[in-house]
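Here's the structure, in structure tokens; my notes come after.
A short reminder: the numbers here are calculations on the coordinates, not readings from a lab. What you are looking at is a predicted structure, and each value in this text was computed from that prediction instead of being measured. Glycine gets a Cβ as well: all are built from the backbone with ideal geometry, and neighbour counts include every protein chain shown.
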Amino acid sequence: MAIREAHPRPTRAEREVADLLPIGAADDAAREVLDRVPLWFHTFSLDGHSLYTPGVARDHRYRIPALPSKLDGKSVLDVGTFDGFYAFLAEARGARRVVAVDNEQYREWVRARWGVELEGGEGFHAIAALLGSRVEYRHLDAFDLDLLDERFDLIFCFGLLHRVKSPLDLLEVLRRRVSPGGSVLLETYGVRERGLETEDGIRIWAAGEVYPNDDFVYWGFSGESLARLARRAGFAGFEVLGAPLIAGHPRIIGTLLGGG
């Protein structure tokens with residue numbers, strides 16, 4: 001079976017991230033999964049060398065230096081997991097327990113941006129089956145994380161804070177789910193206005209300003225605004241690890257300090 005033209009080979013940047021998790025699936029199984037899922041958010045290396053999912057999320061290389069290379073014995077929570085790349089990567093890097101949560105509201109903006117109807121979770125479950133993964137998937141809103149009734153050594157919160165209407169409330173929920181001595185690795189939209197990067201301002205995006213037909217990006221944060229929000233939420237602060245410009249859009253990634 002030939003790869004459909006709708007599944008172009010990903011860019012070098014996408015492959016560089018996907019290759020952190022070579023799945024090594026048999027050719028038939030990899031191609032069946034590729035064709036069965038109508039839209040992929042993450043790029044996965046399905047057969048370990050040439051066959052990739054056509055993820056719509058672009059260059060994530062700026063996240064790589066922030067990711068722990070070893071998570072032996074750690075518990076990890078991936079909030080807003082979508083297809084689950086980072087949850088599966090945490091498992092591959094030795095985490096003893098990984099929980100991946102998503103409320104699957106991404107179906108709304110996938111429908112708005114690409115006109116594709118998703119059931120929710122199909123990409124995650126397809127990859128989990130190929131890997132024989134033990135990652136636990138929960139259909140759960142980020143604001144309902146207390147229902148998990150457990151704490152985690154490390155929490156991933158990637159690409160979510162700028163999409164919620166109440167970022168302080170979300171940080172407070174994350175604070176309650178971090179184990180003593182644990183941390184939250186946070187990535188969200190940043191700011192690029194002159195001087196604002198070092199001040200406590202927050203950028204408010206107009207509907208559709210960041211992505212056409214996507215009305216769900218609300219905020220851009222400076223490092224100082226995130227530090228102040230973090231302290232209000234009960235963290236010790238926020239340490240900026242990077243603030244790259246990706247496809248013309250500012251990002252910021254760092255660690256919420258002092259969980260526990």
I'd like to verify a number: residues in the range 24-51 that are touching a strand residue (DSSP E or B) at 6+ places or on another chain (Cβ under 6 Å) and either within 19 Å of PHE82 (Cα to Cα) or among the β-branched types (Val, Ile, Thr) (or both), how many? 2
Counting residues that are surrounded by fewer than 22 Cβ atoms within 10 Å (Cβ to Cβ) and free of Cβ contacts under 8 Å to residues at least 24 places away in the same chain, which helices (runs of 4 or more DSSP H) fully inside the range 83-171 reach at least 1? 106-114, 122-131
Within the range 61-82, how many residues are assigned to a loop (DSSP other than H, G, I, E, B) and buried (at least 24 other Cβ atoms within 10 Å of the Cβ)? 2
Selection from the range 118-174 of residues closer than 22 Å to TYR52 by Cα, among the aliphatic types (A, V, I, L, M) and out of contact with any Lys or Arg (no Cβ under 8 Å at 6 or more places or on another chain) yields ILE127, ALA128, ALA129, LEU130, LEU131, VAL135
Verdict on ARG232 being under 15 Å from PHE156 (Cα atoms), of a type in the set (D, E, K, R) and surrounded by fewer than 15 Cβ atoms within 10 Å (Cβ to Cβ): no
So which residues in the range 222-250 are acidic (Asp, Glu) and not in a helix (DSSP H, G or I)? GLU239
Residues (touching a residue at least 40 places away in the same chain (Cβ under 8 Å) and at positive phi) located in the range 63-82: GLY80, PHE82
Does any residue of the range 39-48 turn out to be hydrophobic (A, V, I, L, M, F, W, C) and surrounded by fewer than 19 Cβ atoms within 10 Å (Cβ to Cβ)? no
For the range 204-229: of the residues being of a type in the set (D, E, K, R) and surrounded by 15 or more Cβ atoms within 10 Å (Cβ to Cβ), which is nearest to GLY258 (Cα to Cα)? ARG228
Looking for whichever is over 25 Å from THR188 (Cβ atoms) and either out of contact with any Gly (no Cβ under 6 Å at 6 or more places or on another chain) or of a type in the set (D, E, K, R) (or both) here; the options are GLY94, GLY55, GLY120, GLY80. Which one fits? GLY94
Of all residues being in contact (Cβ under 8 Å) with a residue 60 or more places away in the chain and among the charged types (D, E, K, R) in the range 172-197, which is nearest to GLU224 (Cα to Cα)? Just the residue, please. GLU187
